[in-house]
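What follows is a single structure, written as structure tokens, with notes after it.
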Amino acid sequence: MPAAPSPEAPKAPTHSRVTLTVNGAPHTLAVDHRTTLLDLLRERLGLTGAKKGCDHGQCGACTVLVDGRRANSCLLLAVAQDGSDITTVEGLAALGDGELHPLQRAFLDRDAFQCGYCTPGQLCSAAGALDEAAAGHPSYATDPAAPPAQGPVRLTADEIRERLSGNLCRCGAYPNIVAAVEDVTRT
């Protein structure tokens, strides 16, 4: 004997309203629950600086700052970022008082890019790394004899390489990227 049809279960909502501050501007949007922050930035807000490289969080081309901390935007669901402050490469200039951010200027001066595809992620990652080191957050390369409680972590070339290791450059511009970040640490 066939089972009696069950009443149709109510469908779960597929969209939610989120409010984000992106590069200093508030945005309230209805967002599909499956939308990544990267797709929201690129497709809904027209901010195409962050790149979709691997779409698996392995290359760093999509790196942005979320509440001041660097993050792979391809791995973040947009709905989970409700209330967050997002800074993309387009917003770094705002951190530099409308002029190029010191990292952007240093990348230009040091020719720290070739094709430029990874550059937005490299810049956002470097900005986050500078803030993390200034706050005393250690990395794997930090000398354990110099505990971070004693102040900022000094960014040596090894520290910079370690902190930016999650950002890949297929062109191999790494020496110039490290030199550009070193230039900013000296100012």
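The values are calculated or read from the model by the stated rules, or taken from the named source; none is laboratory data. It should be emphasised that the depicted structure is a prediction, and the values quoted were computed from it without experimental measurement. Cβ atoms come from the backbone with ideal geometry, glycine included; neighbour counts cover every protein chain shown. Only protein heavy atoms, including side chains, enter the accessible area calculation; ligands, DNA and RNA are left aside. Shrake-Rupley method; radii C 1.70, N 1.55, O 1.52, S 1.80 Å.
Filter the range 73-100 down to residues that are free of Cβ contacts under 8 Å to residues at least 24 places away in the same chain and of a type outside the set (D, E, K, R), then give me how many there are. Give the steps one after another, and end with the answer.
Looking only at the range 73-100, we keep the residues that are free of Cβ contacts under 8 Å to residues at least 24 places away in the same chain, and these are 80, 93, 96-100.
Then keep just the ones that are of a type outside the set (D, E, K, R); that gives 80, 93, 96, 98, 100.
The qualifying residues number 5.
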| task | Would you kindly identify the strands (runs of 3 or more DSSP E) lying entirely within the range 28-119 that contain at least 2 residues that are open to solvent by 30 Å² or more (accessible area, probe 1.4 Å) and modelled with pLDDT of 95 or more? | result | 69-72
| task | Could you figure out which of (1) crowded, with 16+ Cβ neighbours inside 10 Å; (2) assigned to a loop (DSSP other than H, G, I, E, B) isn't true of Ala129? | result | (2)
